[in-house]
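Following: one structure in structure tokens, then a few remarks.
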Amino acid sequence: VCLEVIEHVPDDNAAAGELFRILRPGGHLLISAPASWYWPDYQRLIGHYRHYTRGALEALLQGAGFEVVRGFPRHDGFWRLYHYLYLGLKAFEIAVRRTVKRDYSVLRSGPVRWLARHIEARLRPRPDGDDPASTFLLCRKPAKAPA
């Protein structure tokens with residue numbers, strides 16, 4: 001499992017090669033990387049060297065020797081909604097702390113706990129399977145090295 005890591009590595013080709021090397025033959029790699037671009041200053045601030053299209057991530061992994069089995073849905077709309085809800089609740093938390101002066105935590109709030117209980121159901125793979133735009137991929141190391 002390599003989730004949201006590869007974009008933080010200066011040499012992604014070397015990292016993909018190392019993932020291939022350490023995985024047993026026939027083993028699987030589940031990997032994800034950001035497909036969106038942030039403005040350059042923020043990208044540097046969060047430590048991203050690059051982002052990937054599905055094709056670019058597939059090419060990186062295939063270049064290391066992996067077979068891409070499928071892409072999984074990223075549910076971008078759901079995560080965007082979650083992000084804005086969280087930001088709104090954090091703003092509410094700041095307002096409560098400044099006005100009521102109590103120890104209020106958005107993470108212990110009812111809406112966030114409700115959302116956490118419902119995330120699993122929303123993120124189940126769609127019945128139609130592969131997502132052609134996703135950078136959330138399942139790869140396999142061939143059982144035998146290519147000749």
Order by accessible surface, 1.4 Å probe, largest leading, for residues 90, 101 comes to 101, 90
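Near residue 13, within a Cβ-to-Cβ distance under 13 Å, what is the net charge of the other residues, with Lys and Arg +1 and Asp and Glu -1? Display every interim value, and only then the final one.
Working: positive: 21, 50; negative: 11, 12, 18.
Taking every Cβ under 13 Å from that of residue 13, the sum is -1.
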For the pair residue 39 and residue 62, what calculated FRET efficiency results from E = 1/(1 + (r/R0)^6), where r is the Cβ-Cβ distance and R0 = 35 Å, to the nearest 0.05? 0.70
Amide H neighbours of residue 2 under 5 Å, counting only residues 5+ apart in sequence or on other chains, H built in-plane at 1.01 Å? 30, 31, 32
Taking a straight Cα-to-Cα line shorter than 30 Å from residue 90, and setting aside same-chain lysines fewer than 8 residues away, one finds 101
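The values are calculated or read from the model by the stated rules, or taken from the named source; none is laboratory data. Predicted model only: the values in this text are computed from it and were never measured. Note that each Cβ is placed from the backbone with ideal geometry, even for glycine, and that neighbours are counted across all protein chains shown. Note: accessible area is taken over every heavy atom of the protein model, side chains too, but ligands, DNA and RNA are not part of it. Shrake-Rupley method; radii C 1.70, N 1.55, O 1.52, S 1.80 Å.
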